[in-house]
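The values are calculated or read from the model by the stated rules, or taken from the named source; none is laboratory data. Treat the numbers as computed from the prediction; the structure is a model and nothing was measured. No Cβ is skipped: glycine too gets one built from the backbone with ideal geometry, and neighbour counts run over all protein chains shown. Please note that ligands, DNA and RNA were not included when accessible areas were found on the heavy atoms of the full protein model with its side chains. Shrake-Rupley method; radii C 1.70, N 1.55, O 1.52, S 1.80 Å.
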Amino acid sequence: MTQILIPLKQHVGAPCRGVVKAGEDVKRGQLIAEPNGLGAKIHASFSGKVVDVSEENVVLTIDEEQDFSSYVPIPETESMEQAVEEAGVVGAGGAGFPTFLKLACEIPNGMFIANGAECEALLAHNVKQMSEQIDQLIRGVKYCMEMTKAPKGVIAVKGKHRQLVMRLIKATEAEKAISVYQLPDIYPAGDERMIIREVMEIVLEPGQIPTEVGAVVDNVETIKRIVEAIEDRKPFIDKDLTVSGRVKQKETVFVDVPIGTPVKTLINNVGGYVEPHGEIVIGGPMTGRSGEETTPITKTSGGVLVAMPFPQEKRKVGLLICECGGSAERMTEIVNNMGAEVVASERCKRMVEVNGRYRCALPGICPGQAKTVMSLKKQGAEVVMTGSCSD
């Protein structure tokens, strides 16, 4: 029998509190954890027996036979917003903010934006979803417009996906309130503030939230899960993602992978590793984190990327830190894995402090960094590692 882990923190906020006990049989779709403050409900994605409930995970021994076409439906609700809450929907393309809270606003003069940018390299599941489920996407945009009282809806997608753009334009011809916006092919096109700047021509100040300018932005897979909650009473128990890198079958999109599935299962399903290989990255190449073969898929897992082995580097490294790419902790981890030493760090000059957190003033518009690089050099850096700066 196979054991799987279902993490109790798959969202912004504190870990959920388990509502099942060891020895209990659970069915796919059954509620197994509730929020402990800010968070979202978690449901079993496999049928099986609970082995353990800790502060971090619910451990299941799963049944040998699984019916992934069925699930325990969420309770009937009086509103669409309540259905989204009951289903445990969170942002599937970012940090996992609870979606029912994002939709709990009214923007009668504003705009709902479907974020289809998929801006990180190697990831392809959002584009596949939009290509194959256009009608579902449009229905989802309508639901979100209705919930937020938004009079306008926009589907934002990179213009380089020409065939998809044309199909979306044709599919929305009869939808007077919904349009398609073509984003530039730059990073981080999927940043919420950058999308608002492109689509609405409004520059959000660091720390300013979209609703302050009459906008709500949701990732297209999040919208898919919203539709499933409303139409099918399905909880958020499956995840779309891309597997790529040093694997035998490149850029493979997996649709509706049960949450908790170990990463190694997906790697095996694409033929295994191409040798030599290095670390496993969970997420995109810019903002992903290091994972293991046993790492479980969660509501926010966007990719499983197998990297090349780390090159060895003995020179002293300076870090140029920005908000849009790898964090200081992630870059330090990479430097250490290369066998090098971090001797200095500086923030990008676009970074400003807001409520104790450093934010980028203009995402996607990178400044020259000559002064910052010179400062790193003076502190002993022989080479510079940067998160995402294009200059």
Packing-based ranking, highest mean first, of 3-12, 71-80 given that Cβ atoms within 10 Å are counted: 3-12, 71-80
Two-site label geometry, Glu382 and Ser290: point separation in nm, points 7 Å out along Cα→Cβ: 2.2 nm
Estimated FRET transfer efficiency (Gln3, Glu333; beta-carbon r; R0 25 Å; 0.05): 0.35
Relative contact order (%) - the chain, alpha-carbon pairs under 8 angstrom, separation at least six: 15 percent
Percentage relative contact order, region 316-386, counting C-alpha pairs under 8 Å, at least six apart: 48 percent
Percent RCO, i.e. relative contact order, over region 238-307, from Cα pairs under 8 Å lying at least 6 residues apart: 41 percent
Region 133-253: antiparallel DSSP beta bridges as a percent of all, rounded to 5: 25 percent
Potential extension, Gln312-Lys21 segment - 0.36 nm per residue separation minus Cα distance: 100.0 nm
Carbon/sulfur fraction of accessible area - the chain, other protein chains in place, 1.4 Å, %: 49 percent
Debye log10 I(q)/I(0) at q = 0.17, 0.18, 0.20 Å⁻¹ for region 93-232, Cα point scatterers: -0.89, -1.01, -1.29
Label selected from [x] 1.07; [y] 1.01; [z] 2.97, the criterion being Cα Rg over 2.2 N^0.38 Å as computed here: [y]
Centroid-to-centroid separation of region 77-96 and region 308-377 [C-alpha atoms, Å]: 35 Å
Accessible area per residue, Å², the chain with all protein chains present, probe 1.4 Å: 45 Å²
Segment Ile169-Thr61, length gained on full extension (0.36 nm per residue, minus Cα span): 34.2 nm
Counting DSSP beta bridges with both ends in the chain, the antiparallel % (nearest 5): 55 percent
Whole-Hz ³J(HN,Hα) from phi, Karplus 6.51 cos²θ - 1.76 cosθ + 1.60, for region 81-93, glycine and proline x: 4, 5, 5, 4, 5, 4, 7, x, 6, 10, x, 7, x
Efficiency of FRET between Lys176 and Ser70 - r from beta-carbon atoms, R0 51 angstrom, step 0.05: 0.85
At 1.002 mPa s and 20 °C, Stokes D of region 2-62 from Kirkwood alpha-carbon radius, µm² per second: 193 µm²/s
R0 of 30 Å, Cβ-Cβ distance Glu231-Glu205: FRET efficiency to nearest 0.05: 0.20
Proximal aspartates and glutamates relative to Lys49, as straight alpha-carbon distance under 17 Å, when same-chain residues fewer than 8 apart are discounted: Glu24, Asp25, Asp63, Glu64, Glu65, Asp67
Across Lys152/Lys299; Lys102/Lys299; Lys102/Lys176; Lys170/Lys239; Lys128/Lys158; Lys102/Lys149, pairs whose alpha-carbon gap is larger than 18 Å: Lys152/Lys299; Lys102/Lys176; Lys170/Lys239
Listed residues Thr222, Thr265, Thr295, most fluctuating in the chain (Gaussian network, C-alpha, under 10 Å): Thr265
